[in-house]
Amino acid sequence: MSIIRTKDFGIHYGEKKILTHATIDIPAGRFFALLGENGAGKTSFVKALIGQNQQTDGELKLNTNRVGFVPQFRDITRDFPLNIAEFVALNYNKGWRLWLNKREKSAVESALKLMDLADMSDKRLGLASGGQKQRAFVAQALVQQPDLLILDESTASLDHEHKIQLLQTVKQLQKTQHLTILFITHELELVAQFADGYLLFENGHVTQGGVDELQSLTMKMTHIHAEDEVRHV
Ligand SMILES: Nc1ncnc2c1ncn2[C@@H]1O[C@H](COP(=O)(O)OP(=O)(O)OP(=O)(O)O)[C@@H](O)[C@H]1O
């Protein structure tokens with residue numbers, strides 16, 4: 001079953017076309033890397049998926065309304081007042097009610113457990129490490145029990161070990177929670193080890209590929225990157 005399907009789909013900002021004639025078909029339960037240079041349209045596409053971009057044409061069919069989104073930028077300074085559990089519960093605290101009901105509490109607890117944060121749920125988020133913060137951001141998206149989880153460059157600011165740890169955890173979520181993952185990234189070589197498909201945004205078009213094409217794309221890109229480095233010596 002497809003979870004995302006587009007036909008002749010486009011995105012534009014006024015006269016400026018970002019994406020045209022996109023045909024995408026992502027089966028449920030896969031881990032897709034969203035690739036492309038800065039400004040290629042990855043975030044615009046994701047915003048269309050989460051209903052924050054209406055400047056579209058053509059067909060976009062999303063086979064779920066449970067979508068979790070982990071944005072790239074969060075302003076969490078050292079004096080951020082909430083602890084990890086309170087931050088993860090924030091999705092529930094939009095109304096007048098300041099406490100959580102039993103079902104909500106248990107969703108928060110299981111999100112913390114899934115992201116390996118149960119033992120540090122009372123730690124102040126502002127004092128958490130980069131890796132712990134990223135896990136808390138993902139946990140916050142998980143409390144709504146999404147079918148589709150979208151992460152925007154979640155590994156960008158982490159050291160290598162924590163990048164791998166986060167990707168392993170996300171991969172585990174894909175398997176155990178039957179989630180579809182869309183992972184926006186510029187770190188193709190790293191994410192290719194975990195993904196089973198990709199969307200490549202390039203010059204106003206998008207190309208979809210499976211796991212085999214992902215490996216050849218990675219080899220090609222790594223090769224180009226290595227050549228560039230040699231040229232710059
Ligand atoms: N709200 C907007 N209004 C007008 N132009 C926009 C808007 N949002 C994005 N753009 C432009 O659309 C293009 C695609 O931007 P987008 O953020 O989707 O790219 P991206 O692939 O996510 O880039 P990055 O890797 O840098 O995050 C860019 O040229 C950007 O300047």
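The values are calculated or read from the model by the stated rules, or taken from the named source; none is laboratory data. Since this is a predicted model, take the numbers as computed values, not measurements. In this analysis, Cβ positions are derived from the backbone assuming ideal geometry, glycine residues included, and neighbour counts consider all displayed protein chains.
Of all residues in the range 19-48, those that are of a type in the set (A, V, I, L, M), near the ligand (Cβ under 10 Å from one of its atoms) and buried (at least 21 other Cβ atoms within 10 Å of the Cβ) total 4.
Residues are listed down the side, and each one gets a yes or a no for (1) in the same structural domain as His12 (by TED's automatic domain parsing); (2) surrounded by 15 or more Cβ atoms within 10 Å (Cβ to Cβ); (3) modelled with pLDDT of 95 or more:
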position: Leu182; (1), (2), (3): yes, yes, yes
position: Gln193; (1), (2), (3): yes, no, no
position: Asp196; (1), (2), (3): yes, yes, no
position: Thr207; (1), (2), (3): yes, yes, yes
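The listed residues are Gln132, Gln140, Gln168, Gln145, and the only one of them that is on the phi > 0 side of the Ramachandran plot and not charged (D, E, K, R) turns out to be Gln145.
Residues of the range 4-18 that are basic (Lys, Arg), without any contact (Cβ under 8 Å) to a residue 60 or more places away in the chain and within 14 Å of the ligand (Cβ to nearest atom): Lys16 alone.
If the condition is being out of contact with any Phe, Trp or Tyr (no Cβ under 9 Å at 6 or more places or on another chain) and within 13 Å of the ligand (Cβ to nearest atom), then the range 185-204 contributes Thr185, His186, Glu187, Leu200, Glu202, Asn203, Gly204. The residues of the range 18-63 that are out of contact with any helix residue (DSSP H, G or I) (no Cβ under 7 Å at 6 or more places or on another chain) and of a type in the set (Phe, Trp, Tyr), listed by number, are Phe32, Phe45. In the range 120-133, the residues that are without any contact (Cβ under 8 Å) to a residue 40 or more places away in the chain reach residues that are buried (at least 18 other Cβ atoms within 10 Å of the Cβ) and assigned to a strand (DSSP E or B) with C-beta atoms within less than 8 angstrom, at least six apart or across chains, in these pairs: Ser121/Asn83; Asp122/Asn83.
Here's the yes/no breakdown for (1) buried (at least 19 other Cβ atoms within 10 Å of the Cβ); (2) within 16 Å of the ligand (Cβ to nearest atom):
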| position | (1), (2) |
| --- | --- |
| Gly51 | no, yes |
| Asp57 | no, yes |
| Thr64 | no, no |
| Gln72 | no, yes |
| Thr77 | no, no |
| Ala89 | yes, no |
| Glu104 | no, no |
| Leu112 | yes, no |
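Only a single item in (1) within 16 Å of the ligand (Cβ to nearest atom); (2) not in a helix (DSSP H, G or I) is not met by Met221, and it is number (2).
Consider Val143 carefully, then state whether it is crowded, with 20+ Cβ neighbours inside 10 Å and at pLDDT below 95. Answer is yes for this residue.
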